[in-house]
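Notes for the one structure printed next.
The values are calculated or read from the model by the stated rules, or taken from the named source; none is laboratory data. The structure presented is a predicted model; accordingly, all values stated were derived computationally and were not measured. Here the Cβ positions follow ideal geometry from the backbone for every residue, glycine too, while neighbour counts run over all protein chains shown.
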């Protein structure tokens, strides 16, 4: 305590006042001087004990804060009596707990980043290895027909890699919060047609029956380009599931609370253990394939990107097995009032 300049100054002032008080007491009356000595001793002792206890509590706070700064796993602050020190203790507790939460979040983010980079490297290495192998066959094969087949395979691998890199960049932009979603009235029919346009040829080649049951005047609020991509990823998943001569249905219901878009296929559906993880990034599932009609399956990115796009625009998407068989995706868009429409146009 004596190292503290404020305490030393206060102690010296108290000593001077006590000495003056005792001197005046003895001048007036010896008994008054004795009482002044006793009073000064009691007051000084009480002040010393009280101040020492406060400094001990402050030292405890300082030690615990130092532990937090050095990433200690254990952080314990005792209770203090009500008063200014108790208020300080409460505020420091909030601050240190907040620092600990942020530190844990940073550690988790770092681990997640490391895992994601490992997954990305693995996803890119697979088609690169296949392409290098095919190129070696291409260089050593003189037959023109087989060379053409090898060239087509390399082109498909490059398309898959292009899709993978593009999707990863989109996920990164969404994670970084640099995507500004537009909020405009979108016709559900226009949204479906926009999502279907790149898939018309694969649908025809696979002889997939596509059925749409959507009221003409149904609209939602959102970004047409991004929502179209989200629905397109779901449709690709359904196309992979139904295979040849399959059926995909899109139905829409509208009420005062939300607009729901249900996409249903007559494929094999989902494995029960896969359902909780379908929208997790890089989750492939037990029955995931490595190739397909669109060349984009097997990465565990499409559905993750789909959910992020929809949820960032206030919607929700769930996947489950249809009671009559096959997979079912239910997408809900809440009704947006004119007042909340302005705040919904968020820059992420």
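In this structure, residue 81 qualifies as exposed (fewer than 10 other Cβ atoms within 10 Å of the Cβ) and either modelled with pLDDT of 75 or more or not in a helix (DSSP H, G or I) (or both). Of all the listed residues (164, 124, 168, 196), the sole one being surrounded by 13 or more Cβ atoms within 10 Å (Cβ to Cβ) and closer than 30 Å to residue 257 by Cα is 196.
Take residue 237 and tell me if it is assigned by TED's automatic domain parsing to the domain that holds residue 194, under 14 Å from residue 317 (Cβ atoms) and outside any strand (DSSP E or B). In short, yes.
From the list 250, 208, 201, 212, the lone residue that is touching a residue at least 40 places away in the same chain (Cβ under 8 Å) and either within 34 Å of the chain's Cα centre (by Cα) or surrounded by fewer than 19 Cβ atoms within 10 Å (Cβ to Cβ) (or both) is 250. Among the numbered conditions (1) more than 15 Å from residue 315 (Cα to Cα); (2) touching a helix residue (DSSP H, G or I) at 6+ places or on another chain (Cβ under 8 Å); (3) not in a helix (DSSP H, G or I), the only one that residue 249 does not meet is (2).
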